[in-house]
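Structure record follows, encoded as structure tokens.
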Amino acid sequence: NLHDLGLSPLPSLTVTGTAQLTGDVLLGSSPGSTITINGVIQGLGLTFEGDVVDAFTTTLHVSEPMNNRVITFPDTDGTVLVTDPASDLVVAANNINLSSGTGHNFIGASVTGATMSGGSEHYVSANYTTVSGGSMNTVMGEYATVAGGYHNFAGGRASFIAGGMNNMATGEQSTVMGGDSNVASGDYSFAAGAFAHASHAGAFVFASPSNTSTPFSSVVDNEFAVQAFGGVRFETGAGVGAQLPSGSGSWAMVSDR
């Protein structure tokens with residue numbers, strides 16, 4: 001007991017070899033005191049009580065290192081973000097990604113700049129990608145986005161799927177605006193409706209949702225292709241235009257005059 005030896009308070013103490021201190025140990029005499037550690041802290045972690053002594057503590061624990069690691073805190077005020085089951089800031093090497101949702105979302109280890117803002121069972125394997133919600137969506141094209149829906153796949157660079165289900169956007173900068181089982185495989189192509197396949201560059205394809213069996217596909221680049229079982233109508237002015245009635249192959253004039 002240092003107090004019993006008349007050594008309290010100690011202005012300086014040097015210990016060589018191993019020192020074992022049991023019980024309560026006070027380091028420092030004021031908030032301005034400096035505690036210097038030259039060496040390695042070994043143990044199960046550092047446990048903090050906080051301002052109020054109660055039954056709850058916070059333990060700073062380090063996983064068993066498999067290599068020499070360096071963690072640097074920036075010279076700024078702020079809050080350290082930690083992971084939890086619902087919202088994870090995923091940091092690996094110099095890669096920073098944000099994942100939030102109900103769980104089972106996966107961001108590739110080498111990916112950086114990816115965001116999952118909701119949903120579950122998503123998979124991302126490309127940089128600077130986004131999955132906003134839904135379930136079982138996959139993004140493998142750099143800068144690509146799936147806004148929501150179910151079982152959609154954005155594989156083209158900077159491709160976009162707004163929602164729906166079972167859609168694929170594999171062309172560069174291709175777009176699927178929802179619906180079911182649409183494919184935009186041509187670069188800069190657009191597909192919407194159901195089973196619309198924009199297979200050529202610059203193609204715009206819409207397939208009537210009533211078609212649920214046979215794909216309706218583009219046939220040349222830069223084509224505007226529409227399958228509308230209810231007919232097609234264009235207006236060039238108020239009540240003036242042309243229409244192609246359902247089941248017809250002939251255009252009819254439209255006018256309310």
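See the values below:
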quantity	calculated
Heavy-atom SASA rank of 170, 16 (probe 1.4 Å, accessible area, largest first)	16, 170
Estimated FRET transfer efficiency when R0 is 22 angstrom, pair residue 117-residue 150 (beta carbons, to 0.05)	0.85
Residue 197 long-range amide H proximity, modeled H, under 5 Å	183, 216, 217, 218
Under 5 Å, built H, 5+ apart or other chain: amide partners of residue 226	206
Residue order for 200, 61, 151, 104 - accessible surface, 1.4 angstrom probe, largest first	104, 61, 151, 200
Per-residue SASA entry for residue 177, accessible area with 1.4 Å probe, Å² rounded to 10	100 Å²
Gyration tensor (alpha-carbon) shape descriptor, the range 167-257, a/c threshold 1.5	prolate
Options 186, 253, 198, ranked by Cα towards positive dipole end of the range 140-257, top entry (Cβ charges)	253
In nm, spacing of pseudo-spin labels at residue 30 and residue 224 (7 Å Cα→C-beta vector)	8.1 nm
Pairwise FRET efficiency - residue 248 versus residue 214, Cβ, R0 = 25 Å, nearest 0.05	0.75
Segment residue 44-residue 18, extension gain: residue separation times 0.36 nm, minus the distance between their alpha carbons	7.6 nm
Accessible area of residue 57 in the full protein assembly, 1.4 Å probe (Å², nearest 10)	80 Å²
Contour excess over end-to-end distance, with Cα ends at residue 71 and residue 52 and 0.36 nm allotted per residue	3.9 nm
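The values are calculated or read from the model by the stated rules, or taken from the named source; none is laboratory data. Fair warning: this is a prediction, and the values are worked out from it, not measured in the lab. Every residue, glycine among them, receives a Cβ derived from its backbone with ideal geometry; neighbour counts consider all protein chains shown. These accessible areas exclude ligands, DNA and RNA; they are computed on the full protein's heavy atoms, side chains included. Shrake-Rupley method; radii C 1.70, N 1.55, O 1.52, S 1.80 Å.
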